[in-house]
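**Student:** My questions all concern the structure below.
The values are calculated or read from the model by the stated rules, or taken from the named source; none is laboratory data. For clarity, every value in this text was computed on a predicted model and none was experimentally measured. A quick note on method: Cβ atoms are made from the backbone with ideal geometry, for glycine too, and the neighbour counts reach across all protein chains shown. SASA here: full protein model, heavy atoms, side chains in, ligands and nucleic acids out. Shrake-Rupley method; radii C 1.70, N 1.55, O 1.52, S 1.80 Å.
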Amino acid sequence: MPFLGPKDTRVVAGQVDTVYHQIPAFRFLNQDSVWVSEKDMAGKIYIADFFFTSCPTICPKMKTQLLRIYERYAENDVIRILSHSIDPTYDTPSVLKQYATRLQVKSPRWNMLTGDKAAIYKLGEKSYMVTAQEDKNEAGGFVHSGAFILVDKNRHVRGIYDGTQEAEVNHLIEDIEILLLEK
């Protein structure tokens, strides 16, 4: 599987080594008002996405597809889902808790995250390489990618999939299986 994003090289002990793009440090509150950071994802494979609870367009389709992943890996402690709200003003931990309850999902397997808007948007665009921003011309006032981003145990992006398409999510599940076999 490829490593996505920018890469760099460095010389270590006379050898050229490739340094792959890595998700940087982050810290957001989840639906239980618990801080979640990159440290909580150490040794985990996770799927990241961007949404908002009042989304009138693609979010319901995306959540249906994420539920497939959540249910498939319910007993696997290595798999996590991080859903980042792009409307943190409205999507407080209590609103996210109600949303998670409706979906019948729980942390830490599925963390619905909220926090500083600028930090969420920057993480989406610079690190996960997807669109996540306010846009008053869009339905609901926000525009975001429908992508699911697959991140390996070392915080490297390994795949980006259309989270509204069942066939794409099937491919994502196949790639999760490949990552589970990696040492």
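**Student:** Restricting attention to segment 1-20, which residues are touching a residue at least 24 places away in the same chain (Cβ under 8 Å), in a loop (DSSP other than H, G, I, E, B) and either surrounded by 10 or more Cβ atoms within 10 Å (Cβ to Cβ) or among the aliphatic types (A, V, I, L, M) (or both)?
**Tutor:** Result: 1, 3, 4, 5.
**Student:** Report, by residue number, each residue of segment 147-159 that is in contact with a helix residue (DSSP H, G or I) (Cβ under 9 Å, 6 or more places away or on another chain) and open to solvent by 60 Å² or more (accessible area, probe 1.4 Å).
**Tutor:** Result: 153, single match.
**Student:** If you scan segment 21-37, which residues turn out to be within 20 Å of residue 125 (Cα to Cα), open to solvent by 30 Å² or more (accessible area, probe 1.4 Å) and not small (Gly, Ala, Ser)?
**Tutor:** 22, 24, 27, 29
For (1) under 16 Å from the mean Cα position of the chain (by Cα); (2) modelled with pLDDT of 95 or more, each residue gets a yes or a no:
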site: 66; (1), (2): yes, yes
site: 71; (1), (2): no, yes
site: 100; (1), (2): yes, yes
site: 104; (1), (2): no, yes
site: 130; (1), (2): yes, no
site: 150; (1), (2): yes, yes
site: 156; (1), (2): yes, yes
site: 160; (1), (2): yes, yes
site: 171; (1), (2): no, yes
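**Student:** Now a separate question. Has segment 48-63 got any residue that is without any contact (Cβ under 8 Å) to a residue 60 or more places away in the chain, under 20 Å from residue 163 (Cβ atoms) and of a type in the set (Asp, Glu)?
**Tutor:** no
**Student:** Select from segment 90-114 the residues that are of a type outside the set (A, V, I, L, M) and part of a loop (DSSP other than H, G, I, E, B) and write down the one among them that is surrounded by the fewest Cβ atoms within 10 Å (Cβ to Cβ).
**Tutor:** The qualifying residue surrounded by the fewest Cβ atoms within 10 Å (Cβ to Cβ) is 104.
**Student:** Could you grab me the full set of residues in segment 32-79 that are touching a Gly at 6+ places or on another chain (Cβ under 8 Å), charged (D, E, K, R) and under 14 Å from residue 96 (Cβ atoms)?
**Tutor:** Once the filter is applied, which keeps residues that are touching a Gly at 6+ places or on another chain (Cβ under 8 Å), charged (D, E, K, R) and under 14 Å from residue 96 (Cβ atoms), segment 32-79 yields only 49.
**Student:** As an exercise: evaluate residue 62 against (1) open to solvent by 10 Å² or more (accessible area, probe 1.4 Å); (2) of a type outside the set (Phe, Trp, Tyr); (3) assigned to a helix (DSSP H, G or I) and give the number of the one condition it does not meet.
**Tutor:** So residue 62 meets the others, but not (1).
**Student:** Can you pull out every residue in segment 21-50 that is of a type outside the set (D, E, K, R), part of a loop (DSSP other than H, G, I, E, B) and on the phi < 0 side of the Ramachandran plot?
**Tutor:** Result: 21, 22, 23, 24, 25, 26, 30, 31, 34, 42.
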